[in-house]
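The values are calculated or read from the model by the stated rules, or taken from the named source; none is laboratory data. Since we're looking at a predicted model, the values are computed, not measured. Glycine also receives a Cβ, built like all others from the backbone with ideal geometry; neighbour counts cover every protein chain displayed.
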Amino acid sequence: MTQTDTAAEVRTSANGEAFEAETVVKSNEEVNGEYRLLILDAPQRILNCRPGQFFHLLCPVTTAHQPYLRRPMSIYGFYPERGELHFLYKVTGEGTRALAELRPGDTLNVLGPLGHGYTIQDDWQNLLLVARGVGLATLAPLAQEARRLGRKLTAICSARSPEVLMSVDLFREMGAEVITVTDAEGTSGMEDIRATIEARIAAGEVDALYTCGSNRMLKLLQDIGAKHGIPGEIALEQQMACGLGMCQCCVRSFRRDNRIVHERVCREGPVFDMQEAMGW
Amino acid sequence: MVDLTAKIGALTLKNPIMPASGTFSEDLADVIDMNALGAHVTKTITREKRGGNPTPRVCEVRGSMLNSIGIPSKGIDYFIQNVIPFYQKYDVPLIVSISANNADDFARICEEISVPGVDAIEVNISCPNIEEDGKAFAMRPSTTHQVMTQLRGASDLPLWAKLSPNTGETSEVAQAAEDAGADALVVANTLLSMAIDIHSRKPKLGNLMGGLSGPSLKPITLRMAYQCAKAVDIPVIGCGGISKAEDVIEYLIAGASAVQVGTATFINPTAMITIIAELEAYMAANGMADLSALVGSVRDDDAADAVVFMETAP
């Protein structure tokens, strides 16, 4: 549904229902110099998640930090069998600074799961994802889903240096073939990544492309996808207020049927068709 | 047993809690029981399709937020075909918020939206984002009277005039709306505001300025609701900074007959549901049978008009 359609049904979220729920912090530790892993004890009803969906977190108000609006955060992992919800985050602003102060036993109010996640179509046997930095968190549940469906996954993980590469072990555990590229080793340039992907396409090993967040990566994958006729999906970010679609705050522009439409990242997204997404 | 019923003119609401326009949509049905609310108030629509303002459309300030969404609208046809039928499945009055950039267009949409399924029309004569130079009809008594007279002639449905805090003539504007035939006043919309990022030196909103909402707006709109309740005989619906039952009680004591909850729903989508339960519990605990025990009960000891209608801090 677009903002300009005249005849479309009112679209519901992927799950049809979302919950505001109190969770309890199990742990909230630094993973390396840059990221923290928040593990929550969460009720079963909010753990019916899809890869690429997000939660809207009511970050705690502390003496030092007073975030007001909720903060959207991609799901890093959801484990109904253990009753756990995982988030991987980088401390960058008022909201994440407040989150970093959470201690085991503290409560955290979360809203979700929200939005439309990644899809894996039946004929997409060989999946390739490219991610950098905290974007890897968004793509981690996709690896889990790929393994569940018995698909072959290649993960290109990019970072500043080998020390801050994230989630490599997690992707390997999920049976993915991991290719690491870093700025320090001079292997993370767009043309290097293009060569790696195109070599695999030439070998017939890529049916779909996935990424998130980065404008440069979007442009690269759009170009590769268009050239070789390979579909893809991207998870986008945008500043949000309500996270449910009511406020119309988090719109982005998309190219569809030769016109530009605006869609809400929280509701119609956060995952969108790679070719429809527009750079920013 | 507490009776939470609120009467707004000819309309009877099961309780005095309803959403503020722009902070509510069909999407909330994913999270709450929509039948629990006193009314459903939709986001302002315009006749024509509109795209809305550039992003960022929202930013937070200490304990509150600014927005300049800009009334993106899918147009009236989409609304009548898709949105009204959605709300018809609930046993809750539907209040449709409308706006336009001039009085003729305003009257036209007012007439066209007066269809079965709509129980009242909230006329957004106050949105600070779209009127020329930020000037809204509701800033002055003369422009308020003019547009409300034309709107009154365009529909037989109850008309709720949504007033603006961006005026120095609160009671005069309220009286102008009443005189021109408004059935109720919604007091009030957001307050024109600004925030700047000190590092980039850029305004934090894509539209440079926007409307303040949230707890920090409450003392201002509460004062206005009080003044309006003193100035007119039609019901006043309080709106601004309500996030808990105590806020509702304060508005009712000031003279409001019902209230709208807005920004609080962004923070806690279940806020209205919680507020209804807390209001009922408060009234039961204090032996109040119905809302008349609260509405207009402010003990202002026959304050002089000169004090009640002040438009500046003494």
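Things to note:
- Helices (runs of 4 or more DSSP H) lying entirely in segment B:238-287 (those with 2 or more residues that are within 14 Å of chain A (Cβ to nearest Cβ)): B:263-267, B:271-285
- All of B:Asp105, B:Asp91 fail the test of being in a helix (DSSP H, G or I), more than 8 Å from every other protein chain (Cβ to nearest Cβ) and either surrounded by fewer than 17 Cβ atoms within 10 Å (Cβ to Cβ) or without any contact (Cβ under 8 Å) to a residue 60 or more places away in the chain (or both), apart from B:Asp105.
- Residue in segment A:170-186 that is modelled with pLDDT under 95, touching a Gly at 6+ places or on another chain (Cβ under 7 Å) and surrounded by 23 or more Cβ atoms within 10 Å (Cβ to Cβ) present: no
- Enumeration of residues in segment A:44-100 that are under 25 Å from A:Gly16 (Cα atoms), of a type in the set (Phe, Trp, Tyr) and outside any strand (DSSP E or B): A:Tyr76
- Beta carbons closer than 9 Å, at least 6 apart along the sequence or on distinct chains, pair a first residue in segment A:40-57 that is in the same structural domain as A:Arg82 (by TED's automatic domain parsing) and more than 15 Å from A:Leu244 (Cα to Cα) with a second that is of a type in the set (S, T, N, Q) and modelled with pLDDT under 95 for A:Asn48/A:Asn15; A:Cys49/A:Asn15; A:Arg50/A:Asn15; A:Pro51/A:Thr138; A:Pro51/A:Gln144; A:Gly52/A:Thr138.
- Taken over segment B:242-254, the residue count meeting the criterion of being surrounded by fewer than 24 Cβ atoms within 10 Å (Cβ to Cβ) and farther than 22 Å from B:Leu28 by Cβ is 4.
- Residue check for A:Val130: in contact with a helix residue (DSSP H, G or I) (Cβ under 8 Å, 6 or more places away or on another chain) and surrounded by 24 or more Cβ atoms within 10 Å (Cβ to Cβ): yes
- Failed item, numbered, when A:Cys157 is tested on (1) at pLDDT 95 or above; (2) within 18 Å of the chain's Cα centre (by Cα): (1)
- Against the list (1) in contact with a helix residue (DSSP H, G or I) (Cβ under 9 Å, 6 or more places away or on another chain); (2) over 18 Å from B:Gly75 (Cβ atoms), the condition B:Asp156 fails is (1).
- Filter result (at the interface with chain A (Cβ under 8 Å from one of its Cβ atoms), over 18 Å from B:Lys162 (Cα atoms) and at pLDDT below 95) within segment B:43-71: B:Lys49, B:Gly51, B:Gly52, B:Thr55, B:Arg62, B:Gly63
- Note on segment B:1-82: enclosed strands (runs of 3 or more DSSP E) holding 1 or more residues that are over 16 Å from the mean Cα position of the chain (by Cα) and among the charged types (D, E, K, R) are B:6-8, B:58-61.
- Within segment A:224-250, the set of residues being among the β-branched types (Val, Ile, Thr) and surrounded by 24 or more Cβ atoms within 10 Å (Cβ to Cβ) comprises A:Ile234 only.
- Subset tally (residues that are closer than 17 Å to A:Pro51 by Cβ, in contact with a Phe, Trp or Tyr (Cβ under 8 Å, 6 or more places away or on another chain) and either without any contact (Cβ under 8 Å) to a residue 40 or more places away in the chain or of a type outside the set (Asp, Glu) (or both)) for segment A:72-119: 14
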